[in-house]
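The values are calculated or read from the model by the stated rules, or taken from the named source; none is laboratory data. Quantities reported herein were computed from a predicted structural model and do not represent experimental measurements. Counting neighbours? That spans all protein chains shown, and the Cβs are built from the backbone with ideal geometry, glycine included. For accessibility, only protein heavy atoms count, side chains too; no ligands or nucleic acids. Shrake-Rupley method; radii C 1.70, N 1.55, O 1.52, S 1.80 Å.
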Amino acid sequence: MNTRRTDVWWLAVLVLLMVVSTVVSIRFGAMDFSGHEIASAVWGKLTGRTDLSLNERIFIELRVPRAILCLLVGACLGVGGTLMQALFRNPIVEPGLVGTSSGAAFGAALFYVFGALLKVSLGGWSLPLAACAGGVLSTYLVFALANTKQEGRSSILRLLLTGLAINALFMSGIGFLSYVARDPAARSIIYWNLGTLSGADWNSVMVVGVATIGGLVPAIAFAKPLNALMIGEQEAEALGVNVGRLKWMVLTINVLMVAVATAFTGVISFVGLVVPHILRMLRGPDNRFLILGSALLGGTLLSLADLVARVSLRPAELPIGIVTAVVGVPVFLSLLRSREYLS
């Protein structure tokens, strides 16, 4: 079986897993829905019925957009992690470690506290734009201070340490904003620090969907140049790759996807680290497979994590960031202990 056919087979498996996880996530939660209730709610929505029951409205207006948003956010985080790891040729790099998530959360916190006038002028796009601005600021601040022009172990360690410092800086800013804010802004900021999908609605699905598609399409187009970059910057330039332009484009795509996703869910860590690592164990380092596969597997894993968050303490809800951290921290530590990943 040739490589391309094997990739298609694996992508089909990932699609199937995503569909199954989505169906399970839609059906179970703080309130479980039977197959009959699901079919009735969907049929009522399609036919324009106005007398939907309370359970049917909860399913259509809350459960379904939450499940879709979960897929989109997981795709954003998975693709963002794959792009960052490909760019630096090291699998311990992910958006949360280089400041993108904390910067986006800081931008969103500023919006919650001071963004009344901005909301009037920009409507529903105010929150994601504020998050994008924070993500851009933090990410480029990390790369500017880390001076990652040199290759090798010292460059990666410097990047991680700089990211740690910038994360601490922006998290302290978020803490200050949550201290001075009043309800409900203070509660929104606190929930953000832990990660939550409880605020999902059709508007957030639309905005994150635009960011997901707008980032995934060019990311796939950059798969071959990223493959060339794996052998080294000088070698990639010899093959006709504009390495400087590639870096800026990949960073821009990463910030766009991760910041917008973070704008509606808060900080969800380690998805961008775990997903590419699993896919590399399955199919190797080819970014033509990894980018699309990470979108599918990221949505699947985040759907399962959200399901655990909703059913473990029901009718209460566990913050999803706790669930992803429980899985992601051991994986990150195991990678960090492997010297080959720091070379």
Would you work out the relative contact order for the chain, in percent, from Cα pairs under 8 angstrom that are 6 or more residues apart? 31
With a ≥ b ≥ c from the Cα gyration tensor eigenvalues, square-rooted, and the rule rounded for a/c under 1.5, otherwise prolate when a/b > b/c and oblate otherwise, region 14-129 is oblate
Using θ = phi - 60° and Karplus 6.51 cos²θ - 1.76 cosθ + 1.60, couplings along region 254-259 (whole Hz; Gly, Pro as x): 4, 5, 4, 5, 5, 5
Gap separating the Cα centres of region 243-296 and region 184-228, nearest whole Å: 11
Taking the Cα centre of the chain as origin, sum charge times position over the Cβ atoms of Lys and Arg (+1) and Asp and Glu (-1), and report the length of that vector in debye to the nearest 20. 300
Filtered trypsin sites (Lys or Arg not before Pro), region 256-339: DSSP coil and at most 11 other beta carbons within 10 Å: 337
If you count only protein heavy atoms with a 1.4 Å probe, what accessible area per residue comes out for the chain, rounded to a whole Å²? 46
Most to least accessible of 317, 56 (protein chains only, probe 1.4 Å): 317, 56
Residue 288 versus residue 313, label points 7 Å from Cα toward the beta carbon: distance in nm? 4.6
Helix-only [θ] at 222 nm, the chain, -39500 (n - 2.57) per DSSP H run of 4+, per residue, nearest 500, equals -25000 deg cm²/dmol
Which value, in debye to the nearest 20, gives the size of the charge dipole of region 33-126 about its Cα centre, when Lys and Arg are +1 and Asp and Glu are -1 at the Cβ? 120
Shape verdict for region 32-95, please, from the Cα gyration tensor: rounded (a/c under 1.5), prolate (a/b greater than b/c) or oblate. prolate
Keeping all protein chains in place and using 1.4 angstrom, which order do 36, 277 fall into by accessible surface area, from largest down? 36, 277
With θ set to phi - 60° and the Karplus curve 6.51 cos²θ - 1.76 cosθ + 1.60, what are the ³J(HN,Hα) couplings of region 161-178 in order, to the nearest whole Hz, using x for Gly and Pro? 5, 5, x, 4, 5, 5, 4, 5, 4, 6, 5, 5, x, 5, x, 5, 5, 5
I need to check one value: relative contact order of region 1-136, counting alpha carbon pairs closer than 8 Å and at least 6 residues apart, in percent. 15
What residue among 203, 97, 244 has its Cα farthest toward the positive end of the dipole of the chain, where the charges are +1 on Lys, Arg and -1 on Asp, Glu, each on the Cβ? 244
For region 154-206, what does the alpha-carbon gyration tensor say about shape, rounded, prolate or oblate, given a ≥ b ≥ c as the root eigenvalues, a/c under 1.5 as rounded, and a/b over b/c as prolate? oblate
